[in-house]
Amino acid sequence: MSSLLGRSVRLFLAEGTASGLTTAEIMNWTGRVLAGSRSGLPAFLKRPELDRTGVYFLIGPDPGDPDTLQLYIGESDNVRKRLVQHSKDGNKDFWERTCVVTSKDQNITKAHARYLEVRLIAIANAVGAANVVNGTAPPPVALPEADASDMEFFVDQLRLILPVLGLDFLRQP
């Protein structure tokens, strides 16, 4: 068996345009990714996936250096509520695009999402492709060994699918 296995990525342009809401999935992966613009937030917020536990990214140009990407990474038991809060937060006016990651089978718990948030912040900081603006680095989350392994697989899949959506902040140079 080959050590290099191909992957099928399914993109769906929910609004029929490349600049509108996009869903992304990898075959045989439980993750579901939604990406869209801040200007399209009202339609984005109607998505039922946003009522789930997940992680999210707020992405935009750095106000001090438009050539630099600014990034906020968060987690929530109800991503919709957090996005609404962030849309009203003057300290987070920078973001122009959002990306939400949930699970199709709803098996991501609060502990899983916190683990993912910590790992994704660490990876984004290590890669250095974006200015991560999280106020604090959350402490590592202890998960049972099997759950930690599952979440590391989840991270690997995110590092594969996000660049397909033009989001390179987790990709090693």
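Length available on full extension from Asn107 to Leu45: 0.36 nm per residue minus the Cα-Cα distance, which gives 20.2 nm.
Sum up the charges of everything whose Cβ sits under 14 Å from the Cβ of Thr23, counting Lys and Arg as +1 and Asp and Glu as -1, but leave Thr23 out. If you can, show how the numbers build up before the last one.
Working: positive: Arg10, Arg32, Lys46, Arg47, Arg52, Lys104; negative: Glu15, Glu25, Glu49.
Charge balance in the 14 Å sphere: +3.
Take region 1-141 with all the other protein chains still there, run a 1.4 Å probe, and you get 51 Å² of accessible area per residue. For region 89-173, applying the loop criterion from DSSP together with a ceiling of 11 other beta carbons within 10 Å to the trypsin sites (Lys or Arg not before Pro) yields no site.
Counting alpha carbon pairs within less than 8 Å and at least 6 residues apart, what relative contact order, in whole percent, applies to the chain? Before the final figure, lay out the partial values.
On the way: 283 pairs, mean separation 36.4, N = 173.
In percent, rounded to a whole number, it is 21.
Using every Cα-Cα pair within region 99-151, state what percent have a distance larger than 15 Å.
On the way: 719 of 1378 pairs.
Here the tail beyond 15 Å accounts for 52 percent of pairs.
Of the solvent-accessible surface of the chain, computed with a 1.4 Å probe and all protein chains present, 51% belongs to carbon and sulfur. With kT/(6 pi eta Rh) evaluated at 37 °C and eta = 0.692 mPa s, and Rh the Kirkwood radius from Cα pairs, region 1-73 diffuses with a coefficient of 225 µm²/s according to Stokes-Einstein.
As a calculated quantity, the FRET efficiency between Thr68 and Val155 at R0 = 22 Å, using C-beta atoms, amounts to about 0.40. Checking every one of the trypsin sites (Lys or Arg not before Pro) in region 10-53 against DSSP loop status and a limit of 11 other Cβ atoms within 10 Å picks out Lys46. Place a point 7 Å from Cα of Arg10 in the direction of its Cβ. Which residues in region 106-120 have their backbone N less than 20 Å from it? Output list for this probe position: 106-108. In summary, the aspartates and glutamates within cross-link reach of Lys110, defined as a Cα separation below 20 angstrom excluding same-chain residues under 8 places away, comprise Glu49, Asp51, Glu75, Asp77, Glu145, Asp147, Asp150, Glu152, Asp156.
Across region 38-117, Cα pairs under 8 Å and at least six residues apart give a relative contact order of 40 percent.
The values are calculated or read from the model by the stated rules, or taken from the named source; none is laboratory data. Keep in mind the model is a prediction, meaning the values are calculated, not measured. All Cβ positions, glycine included, derive from the backbone under ideal geometry; neighbour counts span all protein chains shown. Just so you know, the surface numbers come from the protein's heavy atoms only, side chains and all, with ligands and any DNA or RNA stripped out. Shrake-Rupley method; radii C 1.70, N 1.55, O 1.52, S 1.80 Å.
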